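The values are calculated or read from the model by the stated rules, or taken from the named source; none is laboratory data. All values reported here derive from a predicted model rather than from experimental measurement. Note that we place each Cβ from the backbone using ideal geometry, even for glycine, and neighbour counts take in every protein chain shown.
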Amino acid sequence: MELWFTERQTPGVALSFQVIRTIHRERTRYQDLAVLETRDNGKVLVLDGCVMTTDLDEFVYHEMIAHVPLCTHPCPRRVLVIGGGDGGTVREVLKHDSVEAAVLAEIDGGVIEASRQHLPNLSRSLDDPRCHVMVGDGAEHVSSRPGEYDVILCDSTDPVGPGAVLFSGGFYRASHQSLTGDGVFCAQMESPFFHGELIGRVVRDLRRVFPVVRLYLAVVPTYPGALWSFVLASKKADPVRDARTVRLNTRYYTPEVHRAAFVLPKFVEELVRPESP
Ligand code: AG3
């Protein structure tokens, strides 16, 4: 008998994985959490029925959410990761020698625990002496830490449930204040195919706060739409013109991919085009 897990990505689109076994399942304080062993994607972390990461393609997302902003900043020393309790983003952040501290602010301690137990490839980084794990509200954390971080990475879930506040104008203003003078902010921003309006709204909100705001893309086959977006907002450096070439052990990210990721297909470019006055 075959067992399948299906994510209903939209009311009319679904993606299914053949499941070998359920490794872990719990109701955390915040959400329904599952770690599945699948036939073709290896281990899959699922929160509230949504695929967060799979062994097969996690490197794309984690490398792109970390290295694009970290190579944009002239010298990132203090980095905050909001969400990201699986540890994949921190793992990539720590590949940068300049980084002295990677602070993880994850609201759901259950995600950190389950990842430590079942997803060591992602979570090992959380034991690095440069990593400081904090179970708590990332939005609250930035509001109380002015001028503290060089880079803030928002590795959130979809804009529903506990992650919704991380897509709000108030959070972007607080993040701006929590950054140093040449700080860089970056957030995962869903798929242009299904979240075009959200992308447009967030880019407009960020442009009210940051002088440089740009969207970039990567292909994550297990996320809705597969074409995934990230938004980068910066106080000074431009992510294309000023990107540093850093020698990194990666599988997706290269300096060429960094530049190419900012080349937007026309329908995506139209989502973020500033309205003419
Ligand atoms: N965070 C973004 C996952 C969004 C996927 N959405 C969905 N499957 N509906 C991933 C966290 C990985 N560290």
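When you check Gly170 against the structure, is it of a type in the set (Gly, Ala, Ser), surrounded by fewer than 16 Cβ atoms within 10 Å (Cβ to Cβ), more than 15 Å from the ligand (Cβ to nearest atom) and in a helix (DSSP H, G or I), yes or no?
Taking the combined requirement at face value, the residue satisfies it.
Is it fair to say Leu45 is of a type outside the set (D, E, K, R) and more than 10 Å from the ligand (Cβ to nearest atom)?
It is false that Leu45 is of a type outside the set (D, E, K, R) and more than 10 Å from the ligand (Cβ to nearest atom).
What pairs come up if the first residue lies in the range 105-124 and is at pLDDT 95 or above, the second is assigned to a strand (DSSP E or B) and acidic (Asp, Glu), and their beta carbons are under 6 Å apart, counting only those six or more places apart or on different chains?
Ile112/Glu106
Residue by residue, here is whether (1) surrounded by 14 or more Cβ atoms within 10 Å (Cβ to Cβ); (2) within 16 Å of the chain's Cα centre (by Cα) holds:
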residue: His195; (1), (2): yes, yes
residue: Arg208; (1), (2): no, no
residue: Tyr223; (1), (2): yes, yes
residue: Ala233; (1), (2): yes, yes
residue: Val240; (1), (2): yes, no
residue: Ala261; (1), (2): yes, yes
residue: Leu264; (1), (2): yes, no
residue: Val272; (1), (2): yes, no
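Does at least one position in the range 1-21 carry a residue that is under 15 Å from the mean Cα position of the chain (by Cα), more than 10 Å from the ligand (Cβ to nearest atom) and not hydrophobic (A, V, I, L, M, F, W, C)?
No, the range 1-21 contains no residue that is under 15 Å from the mean Cα position of the chain (by Cα), more than 10 Å from the ligand (Cβ to nearest atom) and not hydrophobic (A, V, I, L, M, F, W, C).
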